[in-house]
Amino acid sequence: MANIKSAKKRILVNRTKAARNKAIRSAVKTSIKKVEAAVAQNDKEAANAALANAISTISKATSKGVYHKNNCSRKISRLTKAVNSIG
């Protein structure tokens, strides 16, 4: 355990930021799974609705610095391509 006051504060701040990032990543993964589930069931309307929600969630995560912008673009592109492949 750290003895210096600033080091103790850094530990607390890092713990808080890690928890926030973990929650945001979890929300992104959940939204992606919802899109993939709708695609697997060939439900075009549900997939489009889930895709809009997923894009919003991923973009927010990127704006908060959790994901790199290229990672965000790649995730959105793959999901959009999957939804567009539905009959």
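The values are calculated or read from the model by the stated rules, or taken from the named source; none is laboratory data. Note that the structure is predicted; figures quoted are calculated from it, not measured. Every residue, glycine among them, receives a Cβ derived from its backbone with ideal geometry; neighbour counts consider all protein chains shown. Calculation scope for accessible area: heavy atoms of the full protein, side chains included, ligands and nucleic acids excluded. Shrake-Rupley method; radii C 1.70, N 1.55, O 1.52, S 1.80 Å.
Brief remarks on what is shown
- Residue pairs, from the table 29/69; 22/81; 44/64, whose Cα atoms sit over 19 Å apart: 22/81; 44/64
- Basic side chains Lys and Arg get +1 at the Cβ, acidic Asp and Glu get -1 at the Cβ, and with that the dipole of the chain about its Cα centre reaches some 820 debye.
- Among 27, 38, 4 the positive-end extreme of the charge dipole of the chain (Cβ point charges): 4
- Rounded to 10°, Cα long-axis angle of helix 69-84 versus longest principal axis of the chain: 20 degrees
- With helices as the sole contributors, the chain gives -29000 deg cm²/dmol at 222 nm; each DSSP H run of n ≥ 4 counts as -39500 (n - 2.57), and the sum is divided by every residue.
- Of 24, 4, the residue with the largest accessible area leads and the full order is 4, 24 (1.4 Å probe).
- Sparsely packed trypsin sites (Lys or Arg not before Pro) within region 11-81, loop by DSSP, other Cβ within 10 Å at most 11: 64
- Other-chain or far-sequence residues with amide H under 5 Å of residue 67's (modelled H): 62
- Relative contact order for the chain, counting Cα pairs under 8 Å that sit 6 or more residues apart, in percent: 30 percent
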